[in-house]
1. In the stretch A:163-198, what count of residues is obtained for those that are within 12 Å of chain B (Cβ to nearest Cβ) and of a type in the set (Gly, Ala, Ser)?
2. Starting from the stretch B:1-21, take each residue that is within 11 Å of chain A (Cβ to nearest Cβ) and list its partners that are assigned to a helix (DSSP H, G or I), counting only C-beta distances under 7 angstrom and pairs at least six apart or across chains.
3. Of all residues in the stretch B:296-330, which are within 14 Å of another protein chain (Cβ to nearest Cβ) and buried (at least 17 other Cβ atoms within 10 Å of the Cβ)?
4. Hey, among A:248, A:266, A:227, which residue is within 14 Å of another protein chain (Cβ to nearest Cβ) and either closer than 21 Å to residue B:77 by Cα or assigned to a helix (DSSP H, G or I) (or both)?
5. I'm trying to understand the selection: among the residues of the stretch B:247-282, which are in contact with a Lys or Arg (Cβ under 9 Å, 6 or more places away or on another chain), within 20 Å of residue B:91 (Cα to Cα) and of a type outside the set (Lys, Arg)?
6. Quick one: would you say residue B:3 is surrounded by fewer than 18 Cβ atoms within 10 Å (Cβ to Cβ) and assigned to a loop (DSSP other than H, G, I, E, B)?
7. Mind telling me which of the residues B:268, B:256 ends up being in contact (Cβ under 8 Å) with a residue 60 or more places away in the chain, assigned by TED's automatic domain parsing to the domain that holds residue B:295 and either assigned to a strand (DSSP E or B) or within 27 Å of residue B:104 (Cα to Cα) (or both)?
Amino acid sequence: MDDNQERKDFSSTESDSQLSADEETLLDQLGITGAARRKFLGQSMAALLGTFAFHLLAKEEAFATLAAEPDAVFAQVPAVENAVKVLLKINGSTQRLEVDSRTALLDALRERLGLTGTKKGCDQGQCGACTVIVDGRRVLSCLTLAASCEGKEVTTIEGIADGDNLHPMQAAFIKHDGFQCGYCTPGQICSAVALLQEAKNGEASHVTNNLRTIAQNVALSDEEIRERMSGNICRCGAYPGIVAAIREVQSGRETAQAWHFASDEEIAVALNQGGKADEIV
Amino acid sequence: MKSFKYSSATDATSAVGTVSANQTATFLAGGTNLIDLMKEYVERPSELVDISGLNLAEIRSTSKGISIGALAKNTDTANHPLVRQNYPLLSMAILAGASAQLRNMATNGGNLMQRTRCQYFYDIAMPCNKREPGSGCGALQGLNRIHAILGYSDKCVATYPGDMANALYALDAVVRIRGTNGQERTIPVQDFHRLPGNTPEKDNNLQHGELIVAIEIPKNNFANKSYYLKVRDRASYAFALLAVAAALETSGNTIKQARIVLGSVAHKPWRSPEAERVLIGKPATEETFKVAAEAALKDAKPLEHNGYKVELGKRAIVLALQKAMTSGAA
């Protein structure tokens, strides 16, 4: 987008006047004025940032510009104690690290290797956000010591896709709207990918009817999928979409997605109904 | 987390030697309970000896039954054909616990070693005789909805939270242990965990440095009629409020052998010989089951917030026995 195009797009908009007084002040403090402000707002909108996200972004930038108080006390960054050398095979690449013996695999991934796709939720084994696949098995990286992973193959959400081609489970999560805020999603997807192999192996779950009958390639009911995914909590409650995504990939049967983006016509209809837009869009 | 020395053991002898030489050292296997407790400063070992690389994960049949390795993962144990076909009660109990991720990490030995989920034990700002002997019990007069109704003392009302051990108890399993002198010894599961008495800090009868190497389960005729019923606040991924491991052997409709073990009602899995005596020799009917359930809970003494466990326990026993009767036909 060149400058002329940009002015044409935004010079006539009333973006600024739609901001609250607080937001005006904040953008002024950030030194985002005039064309830069319009560009900032335009880019925000172009990136489909909602008003809420915009607030967060602006506040984060504002805080980042604040100078620390002169007498502020900073936590000491402790030196590594009881260092352990460990060789990890992460998403196919060999990594050698020297970690504090206390370092969880989760923290090694995020803080040492920059693989921040794996999320820290509860950090005590109760939410599943940190789920990764170690030697083919889904595990909780928050309760796994990095030191205990010597020589092990670790697959994180960054290693699930085949280059630029999404893993079928990733594509299905998008198709079936298997997330809202997205924080639990990397764990959900790693968990779901491992679940496919468990079903192939014929592994049972708490809701499997007769454990004495053993079969490979188990077809999973929705009840089975829910039970097998119970270790991954979603606070947004995106469970119906998650189950739909896993059901599609596990069964191999394509199903229609239950949502779509509103069309121009639908939006026009909604806008003409004044005040009732929420019921339609 | 308090800092600790980490080493990875290459053989059981050196692992036992290292831990027994240091009173504040402990073994690390799956870590699902230990690492969590260390993060909360409830456990503060100075040294961890990682035994996960030891060759103790085998599950095999023996002349007397089966032997499951202490380091076999819960997932692999629950899904092993020998276990699923001969001891489905054990598979059911394991699969009722935790989540797939945790069962993939957790080992059988570690499962036996898991500590209580009493909130006062977990919160280091609270008194707890189990965590800090002599400091008092926060739960006795506090919030005790999840606590014991049987076998507790005025020092501790915590429960053993696990599922696997309840089934192992019902199946007459034995824990094989490698001692600090290099000799092996065995403890029946029924004697493995302890009642709190005056020493609630001791969950079980292992001595410091002793290592669980296997769990042995004798042959039995319960495979066709057994059921593990777990009652919890949500349908999955939660600890039991109460659990029942029920196993029957029948001849026609007459009960020949019975096992009733209650979980999450005491400091250890709680077998009810009273209920079993009611069942043996009687027809397998709801009437019989109800009499047995009354017998099992006869001595229950609930605390302020867990009175519900008495009636829940009775109903759960009846339902578990009914499910056991039809489990082979499912």
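1. Going through the stretch A:163-198 one residue at a time, the tally reaches 4.
2. Correct list of pairs: B:1/B:38; B:1/B:39; B:6/A:147; B:7/B:18.
3. So the first thing to find is which residues in the stretch B:296-330 are within 14 Å of another protein chain (Cβ to nearest Cβ), and the list is B:323-324, B:326-330.
Across the stretch B:296-330, the qualifying residues are B:323, B:324, B:327.
4. Numbers: A:248 fails: within 14 Å of another protein chain (Cβ to nearest Cβ); A:266 fails: within 14 Å of another protein chain (Cβ to nearest Cβ).
Of the residues listed, the single one that is within 14 Å of another protein chain (Cβ to nearest Cβ) and either closer than 21 Å to residue B:77 by Cα or assigned to a helix (DSSP H, G or I) (or both) is A:227.
5. B:247, B:248, B:249, B:258, B:260, B:261, B:262, B:263, B:264
6. On the way: surrounded by fewer than 18 Cβ atoms within 10 Å (Cβ to Cβ): yes; assigned to a loop (DSSP other than H, G, I, E, B): yes.
It is true that residue B:3 is surrounded by fewer than 18 Cβ atoms within 10 Å (Cβ to Cβ) and assigned to a loop (DSSP other than H, G, I, E, B).
7. Numbers: B:256 fails: in contact (Cβ under 8 Å) with a residue 60 or more places away in the chain.
The conditions single out B:268.
Yes or no, residue by residue, for (1) touching a Ser or Thr at 6+ places or on another chain (Cβ under 7 Å); (2) not hydrophobic (A, V, I, L, M, F, W, C):
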{"site": "B:217", "(1), (2)": "no, no"}
{"site": "B:222", "(1), (2)": "no, no"}
{"site": "B:231", "(1), (2)": "no, no"}
{"site": "B:237", "(1), (2)": "yes, yes"}
{"site": "B:244", "(1), (2)": "no, no"}
{"site": "B:252", "(1), (2)": "no, yes"}
{"site": "B:261", "(1), (2)": "no, no"}
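The values are calculated or read from the model by the stated rules, or taken from the named source; none is laboratory data. As the structure is a computational prediction, the values presented were derived from the model and not from experiment. Virtual Cβ from ideal backbone geometry, glycine too; neighbours counted across all protein chains shown.
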